[in-house]
């Protein structure tokens, strides 16, 4: 049976120690195995494996084929990355969480972008394409986003998540990028019509930061998060639902991502805000803000950044701060930043010297 995250009390024996595994560590089964071996040797116990990236699934998906005619990311054709990761994780005792990294992002201009150069999903569903006020559909970093308010888009994403839960034995899922790319987004015809229907015919405000316009879009994202959480529980009531939002309040103000509302309304079992700071003092300050916003330390498993050559000493101090706040654990962004000999050595000899059990229990003899 899958037990939800337990009390905030954390000891050396009970702690969530996660790491995000991006696509650059999934190039082969051997690479996956080596990554997991390193993580297990440093006493990590959970991995968030990218499975939805650049507008493609990294597993053979019937849902994606239904909508596009393709089954998988062309770079991973002939493989099942999720199956490989789950199998390779078992000998090391690592829990695998499928990580839907790209969320509402449907395509990237620089990667198998289809006939329209925006993403294959938009070749089949051009009416799913999000827009800015100007009519521009390409957002920063050459991303193309699906319309956040469109029920068919939402159902497509929910169906992808449910397919993974139905097909693979995993303890839960993480759905990422449940946010707008910027305030100047949501000016597609579908969203404008929906807004008018719910505002006595009034058009959407010209100013992206209009209070009612921002409140309404944020509420729609919260409604989606709740719907996704309910769909996951309907598929498997034991499955944990997680998200890695931008920190509050910055994410709510700039990306309409009011994740504390998601936790209050039961959409998430635990949340991993990206408390990505360069120094321990800033990390501690912003972590306090997140705990206050959520109102409970039992659901907060913060994300810690190890990229940009951040030292093992800084990472170790941040882990100590998580423990001082009596949080259930942490997740490190990301494996590529961790994978340095001096970091492994410091963790093995320091804050991760002892193994830890997850703050939930999976009994393998329980039927799923």
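Rounded if a/c is under 1.5, else prolate if a/b is larger than b/c, else oblate: which is the range 215-278, with a ≥ b ≥ c the root eigenvalues of its Cα gyration tensor? Oblate shape, in that a/c is at least 1.5 and b/c is the bigger or equal ratio.
Tell me the angle of helix 211-235 to the major Cα principal axis of the chain, expressed in degrees between 0 and 90 and rounded to the nearest ten. On a 0 to 90 degree scale, this one is about 60. A simple spin-label model places pseudo-atoms 7 Å from Cα toward Cβ; at residue 288 and residue 87 they are separated by 5.0 nm. Sorting 163-169, 265-271 by average packing, meaning the other beta carbons within 10 Å per residue, from highest down gives 265-271, 163-169. Taking label positions 7 Å along the Cα-Cβ direction at both residue 278 and residue 235, the computed distance is 4.0 nm, reported to one decimal.
Restricting to bridges with both residues inside the chain, how much of the DSSP beta-bridge set is antiparallel, in percent to the nearest 5?
Numbers: 9 of 36 bridges.
Of those bridges, close to 25 percent are antiparallel.
Rule-based calculations on the coordinates, nothing more; no lab input. Here the structure is a predicted model, which means the values were calculated and not measured. Don't worry about glycine lacking a Cβ; one is built from the backbone with ideal geometry, like all the others, and counts go over all protein chains shown.
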